[in-house]
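Below you'll find the structure, written out as C-alpha cells, and then a few comments.
The values are calculated or read from the model by the stated rules, or taken from the named source; none is laboratory data. These figures come from a predicted structure and were not determined experimentally. In this analysis, Cβ positions are derived from the backbone assuming ideal geometry, glycine residues included, and neighbour counts consider all displayed protein chains.
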Amino acid sequence: MNCRSVGGSGAAALSTLAAAKLSPTAAPAIPDFIKAAAAAKTIIDTLDGIQSQYVPSEKRQITIGDLNGHIRFENVSFSYHSRPTVPVLNNATMSFAANQVTALVGPSGSGKSTVVALLERWYEISEGSISIDEFNIQELDLHWWRSQVALVQQVRGNYS
C-alpha cells in the first residue's frame, strides 16, 4: 500500500492555494501545520511499511451459512508488533455462548479492545486458536467474517 501516491500533487496544489488565501490569518498556526505535516509523514511511512497478512487461499474461502455463534478463545497469546516483548494476552482461554449479548468489562488496558480486534482478525494471534462453532476463524473468508461481527463501543453519548 502506498498512501503517498493517491492525489499527492493535487493535494499539494490545493493546499498551496488555500494557504496563500488564508496566510494573514493562518500565520500564527504555521508551527502547528508543520508539526501536523511531520506527524502525517510518520503515519504514512508506518502504513507504507505494513504488509498485508491476508493472502487469499483455498483454506480461507470457507463461509458458513447458518452460524450458531459460540465463540471460543483457546490458549490465545498475543503481543502488538510495536511492543513484541509485552504480552497483551498470555495463554488466554475464554468462551462466549451463542445467542447471548456479551459485555467485556474491565479497567483500561486490560485487553477488552484487543479481544474484539483479534475476533475481527485485525491482528494475527501468535499462539492458540479462535473458533466459532468449532471452525477456526483463520479458515473463514476475511471479508465475509468481518461482515458478520459487530462492535458497539462505550461512548458517553450512546447511553445518555
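Some points to look at:
- Residue count for the range 121-138 satisfying the condition of being touching a Ser or Thr at 6+ places or on another chain (Cβ under 9 Å), farther than 12 Å from F73 by Cβ and outside any loop (DSSP other than H, G, I, E, B): 1.
- Filter pass, R146 being part of a helix (DSSP H, G or I) and either in the same structural domain as N75 (by TED's automatic domain parsing) or at pLDDT below 90 (or both): yes
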